[in-house]
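The values are calculated or read from the model by the stated rules, or taken from the named source; none is laboratory data. In this text, all values refer to a predicted model and were calculated from it rather than measured experimentally. Counting neighbours? That spans all protein chains shown, and the Cβs are built from the backbone with ideal geometry, glycine included. These area figures cover heavy atoms from the full protein model, side chains too; ligands, DNA and RNA do not enter into them. Shrake-Rupley method; radii C 1.70, N 1.55, O 1.52, S 1.80 Å.
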Amino acid sequence: MDIRIRHAHPHEYDRIGEITAQAYLGDGLLDFGESDEYLGELRDVAKRATAAEVLVAVDHDHDHILGAVTFVPRGGPMADIARPGEAEIRMLAVARESRGRGAGETLVRACVDHARATAGCVRVVLSTQRTMHAAHRIYERLGFTRTPDRDWNPLPELDDITLLTYELTL
């Protein structure tokens, strides 16, 4: 399959939000399931697009959305862990029916390419859950390394939600 990466169009935001939400729900990544507050953030693509770049992987022949990612080129409200000179990858998700075709890796590669084209960017960082083993393999295959000193917990009142971090020096 020929996969193309492009910026998301506003009329696609609802579809992208649903792909992202269903990926997180289907993979058991939301501790509180359908009632998890983060689910609203995952679905709110319009909000993300005002502060970052939302990229989509599409089937080149049919322009069908396979997956999406949020690329944060430099800080701002969408950055969780990025420091000055760092870009951040967030909310990588591939539709269940599109998995195994390389869309996730193609999206991560596109983020790295965007980071290399961003003036002053020296590193790409990201957070991931411990159970996202397929994503970990993609990151490691592309040269990302673990940065345990930057691991963090978005909900400090809950002990078991520590996010793992990775970085790629450009």
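Being modelled with pLDDT under 95 and assigned to a helix (DSSP H, G or I) is true for just one of Ala134, Ala115. Which residue is that? Being modelled with pLDDT under 95 and assigned to a helix (DSSP H, G or I) holds for just one of Ala134, Ala115, which is Ala134. Arg99 meets each of the listed conditions (1) surrounded by fewer than 19 Cβ atoms within 10 Å (Cβ to Cβ); (2) over 18 Å from Ile3 (Cα atoms) apart from (2).
One residue stands out in segment 32-60 among those that are small (Gly, Ala, Ser) and in contact with a Gly (Cβ under 8 Å, 6 or more places away or on another chain): the one that is least open to solvent (accessible area, probe 1.4 Å), namely Ala57.
Applying the selection to segment 1-44, what residues are aliphatic (A, V, I, L, M) and either touching a residue at least 12 places away in the same chain (Cβ under 8 Å) or within 25 Å of His62 (Cβ to Cβ) (or both)? Across segment 1-44, the qualifying residues are Met1, Ile3, Ile5, Ala8, Ile16, Ile19, Ala21, Ala23, Leu25, Leu29, Leu39, Leu42. Within segment 147-170, the set of residues being under 15 Å from Gln129 (Cβ atoms) and either out of contact with any strand residue (DSSP E or B) (no Cβ under 9 Å at 6 or more places or on another chain) or part of a strand (DSSP E or B) (or both) comprises Trp152, Leu155, Leu158, Asp159, Asp160, Ile161, Leu163, Leu164, Thr165, Tyr166. A residue that is over 16 Å from the mean Cα position of the chain (by Cα), more than 20 Å from Ala52 (Cβ to Cβ) and modelled with pLDDT under 95 can be found somewhere in segment 84-97. Summed over segment 65-85, the residues that are in a strand (DSSP E or B) and either open to solvent by 30 Å² or more (accessible area, probe 1.4 Å) or touching a residue at least 60 places away in the same chain (Cβ under 8 Å) (or both) give a count of 2. With respect to the conditions (1) on the phi > 0 side of the Ramachandran plot; (2) touching a Leu at 6+ places or on another chain (Cβ under 9 Å), Gly120 falls short on a single one, namely (2).
Here's the yes/no breakdown for (1) touching a Gly at 6+ places or on another chain (Cβ under 9 Å); (2) surrounded by fewer than 15 Cβ atoms within 10 Å (Cβ to Cβ):
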| site | (1), (2) |
| --- | --- |
| Arg123 | yes, no |
| Ser127 | no, no |
| Ala135 | yes, no |
| Leu155 | no, yes |
| Asp160 | no, yes |
| Thr165 | no, no |
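Every residue, every condition in (1) surrounded by fewer than 21 Cβ atoms within 10 Å (Cβ to Cβ); (2) on the phi > 0 side of the Ramachandran plot; (3) touching a strand residue (DSSP E or B) at 6+ places or on another chain (Cβ under 7 Å), yes or no:
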site: Arg15; (1), (2), (3): yes, no, yes
site: Leu30; (1), (2), (3): yes, no, no
site: His62; (1), (2), (3): yes, no, no
site: Glu88; (1), (2), (3): no, no, yes
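Looking at segment 143-153, which of the residues that are open to solvent by 60 Å² or more (accessible area, probe 1.4 Å) and within 19 Å of Ala79 (Cβ to Cβ) is modelled with the highest pLDDT? Checked segment 143-153; the qualifying residue modelled with the highest pLDDT is Asp149.
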